[in-house]
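The values are calculated or read from the model by the stated rules, or taken from the named source; none is laboratory data. Just so you know, these numbers come straight off a predicted model, no measurement behind them. In this analysis, Cβ positions are derived from the backbone assuming ideal geometry, glycine residues included, and neighbour counts consider all displayed protein chains. For the accessible areas, the whole protein counts, side chains as well, though only heavy atoms, and no ligand, DNA or RNA atoms are used. Shrake-Rupley method; radii C 1.70, N 1.55, O 1.52, S 1.80 Å.
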Amino acid sequence: MEFSHFDEDGNAVMVDVSGKEITQRRALAEGKIRVSREVFEAIAGRKVKKGDVLTVAQVAGIVGTKTAELIPMCHLLNLANSEVRFEMNPEKLEIKAFCQVKTEGKTGVEMEALTGVSTALLTIYDMCKAIDKRMVIEEIHLCEKSGGKSGTFMFER
């Protein structure tokens, strides 16, 4: 496999996508944060002093999908849609975050979905760290993607 972020002299370059076709692109990423019962109940009961944690984390995750200034060599994309949602699991004391991103373009939106999930989970941590700093963010991964030359990808465990 050839690494496309380097030129023939080993210098870092942005991949040239000018010759690629515009296609519908979509990516879905997920991750989770494990928390204490106290943190979980504070989030669920909207008792965190900094505000409604999941609403703020949702907005942060959507903003986090705008990655071109954050990740070197990441293309500036005109995103058609970014969605962040959460699933709370009281038995496992964890919150899963999901981020789906869509565009019509020449390059995929995997990095945008992954960064959106990461930003949402980091926001939960930031808003709850005064209650308990032992939260664990884990299993951030691409679940699926579609569009482009490589076609469809589905993460299988």
Among residues of the stretch 69-89, those that are open to solvent by less than 60 Å² (accessible area, probe 1.4 Å) and under 20 Å from Lys149 (Cα atoms), counted: 4
Flag for Thr119 being at pLDDT 95 or above and hydroxyl-bearing (Ser, Thr, Tyr): yes
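Check the stretch 88-100 and report whether any residue there is touching a Lys or Arg at 6+ places or on another chain (Cβ under 9 Å), among the aromatic types (Phe, Trp, Tyr) and touching a residue at least 60 places away in the same chain (Cβ under 8 Å). Reasoning before the result, please.
Residues of the stretch 88-100 touching a Lys or Arg at 6+ places or on another chain (Cβ under 9 Å): 88-90, 92-100.
Filter once more, keeping what is among the aromatic types (Phe, Trp, Tyr): 98.
From what's left, touching a residue at least 60 places away in the same chain (Cβ under 8 Å): 98.
Yes, the conditions are met somewhere in the stretch 88-100.
Which is in contact with a helix residue (DSSP H, G or I) (Cβ under 6 Å, 6 or more places away or on another chain) and closer than 26 Å to Glu69 by Cβ, of Gly116, Gly148, Gly105? Steps first, answer last, please.
Working: Gly148 fails: in contact with a helix residue (DSSP H, G or I) (Cβ under 6 Å, 6 or more places away or on another chain); Gly105 fails: in contact with a helix residue (DSSP H, G or I) (Cβ under 6 Å, 6 or more places away or on another chain).
The match here is Gly116.
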Selected residue (only one of Ala130, Ala113, Ala120 is among the small types (Gly, Ala, Ser) and under 11 Å from Ala27 (Cβ atoms)): Ala113
Hits in the stretch 31-46 - residues which are part of a loop (DSSP other than H, G, I, E, B) and surrounded by 13 or more Cβ atoms within 10 Å (Cβ to Cβ): Val35, Ser36
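Does Thr103 qualify as being hydroxyl-bearing (Ser, Thr, Tyr) and assigned to a loop (DSSP other than H, G, I, E, B)? Lay out the reasoning, then the answer.
Working: hydroxyl-bearing (Ser, Thr, Tyr): yes; assigned to a loop (DSSP other than H, G, I, E, B): no.
No, not satisfied.
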Of all residues making up the stretch 50-65, the number that are open to solvent by less than 60 Å² (accessible area, probe 1.4 Å) and assigned to a loop (DSSP other than H, G, I, E, B): 3
First in the stretch 59-85 and farther than 15 Å from Arg25 by Cα, second anywhere and in a strand (DSSP E or B) and among the polar types (S, T, N, Q), Cβ under 8 Å, 6 or more apart: Gly61/Ser82; Ile62/Ser82
The stretch 133-142, residues that are touching a residue at least 40 places away in the same chain (Cβ under 8 Å) and open to solvent by 20 Å² or more (accessible area, probe 1.4 Å): Arg134, Val136, Ile137, Glu138, Glu139, Ile140, His141, Leu142
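Any idea which of Lys106, Lys66, Lys129 is modelled with pLDDT of 95 or more and of a type in the set (Lys, Arg)? Full working, then the answer.
On the way: Lys106 fails: modelled with pLDDT of 95 or more; Lys66 fails: modelled with pLDDT of 95 or more.
Among Lys106, Lys66, Lys129, only Lys129 is modelled with pLDDT of 95 or more and of a type in the set (Lys, Arg).
Quick grid of which residues meet (1) open to solvent by 10 Å² or more (accessible area, probe 1.4 Å); (2) outside any helix (DSSP H, G or I); (3) of a type in the set (S, T, N, Q):
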site	(1), (2), (3)
Asp16	yes, yes, no
Glu21	yes, yes, no
Ala29	no, yes, no
Val48	yes, yes, no
Thr67	no, yes, yes
Glu91	yes, yes, no
Thr107	yes, yes, yes
Leu114	yes, no, no
